[in-house]
Amino acid sequence: MPNGISNLTSLEMLTLWWIRHSTNIIELGHLTELRVLKILLTPGCTDGLEKSLSESLVECLHKLKKIQSVDICGTILLGKIGGLDAWCAPPHLRRIEMRNCWFSARPEWR
């Protein structure tokens, strides 16, 4: 992901970026106008990356109040990304697709 992406605060669509570190996900949280997010999470070189990515991903998704479509794919090498239960989707979310990511129970979103 290019440096300074968080400065594109009016960006509405971001598709197919390879994310390797939780700091990249934190930068995505600054893109508060995003309507469409499609990313591929790939393993970096940090131990405990799955937990760090999960926490950063939930924090980022909380900030994306205008998001309408989310597509997140974790690679098999990374393992499954869990702990997404803390995210409560905004009411205008229309589409969500997650591969190798999970919720421990079906979300009770409205």
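The values are calculated or read from the model by the stated rules, or taken from the named source; none is laboratory data. The shown structure was predicted, so the numbers you read here are calculated from the model rather than taken from an experiment. Note that each Cβ is placed from the backbone with ideal geometry, even for glycine, and that neighbours are counted across all protein chains shown. Note: accessible area is taken over every heavy atom of the protein model, side chains too, but ligands, DNA and RNA are not part of it. Shrake-Rupley method; radii C 1.70, N 1.55, O 1.52, S 1.80 Å.
Some values worked out for this structure:
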| read-out | value |
| --- | --- |
| Total residues in the range 9-29, condition at pLDDT below 85 and assigned to a loop (DSSP other than H, G, I, E, B) | 3 |
| Residue in the range 37-49 that is surrounded by fewer than 16 Cβ atoms within 10 Å (Cβ to Cβ), modelled with pLDDT of 85 or more and within 21 Å of Gly4 (Cβ to Cβ) present | yes |
| Yes/no for Thr32 being part of a strand (DSSP E or B) and open to solvent by 40 Å² or more (accessible area, probe 1.4 Å) | no |
| Selected residue (criterion: most open to solvent (accessible area, probe 1.4 Å)) from residues of the range 64-108 that are at pLDDT below 80 and assigned to a strand (DSSP E or B) | Cys101 |
